[in-house]
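Values in this text are rule-based calculations from the coordinates and carry no lab data. None of these values were measured; they are calculated from a predicted model. Cβ: placed from backbone, ideal geometry, glycine included. Neighbour counts: every protein chain shown.
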Amino acid sequence: MTLLYLLAVYVHIVTVAVWFGAMLFEDPTSVRIMSRMAYKVHGIGGPSLVVLTLTGAFMLYHRGVTWQSIIGGEFFATKYGQVFGLKFLFVLILIGFQITIGNRPSQLSNFGYVGLVLLVIAVSVWLVRPIV
């Protein structure tokens, strides 16, 4: 089971990189080569979110988190649950940001993406290596 967990972590991290890359670089109006390559494989964000949800759910299950503890709120009473809730909130904001602003060519949306991505990464690292 540990090998399967490590595989899920690896797939989760690679999929996050693909999802973030698609958000940052997929721009149909750009002349940059990376933007054009990302646009050619457009539609990769949705499948990435499905893979992230599945691997994330498996990793929580492996750590002993059950649907009953999530729905009942016991999970969020723990320090790990609170940090996870913060990470999940940032991910939801990032998804909303992607849906509403999308790939509009503007400096603000680029800085917003990068800022939120860095927050999600920081909180994710906090889950693995607690600061406090």
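Below are the figures for this structure:
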| item | result |
| --- | --- |
| Two-site FRET efficiency, V114 against V14, from Cβ-Cβ distance with R₀ of 30 Å, rounded to 0.05 | 0.95 |
| At R0 = 30 Å, FRET efficiency that the Cβ-Cβ distance of A77 and I99 yields, to 0.05 | 0.45 |
| Inter-site label distance for I70 and L54 at 7 Å from Cα along Cβ, in nm | 1.6 |
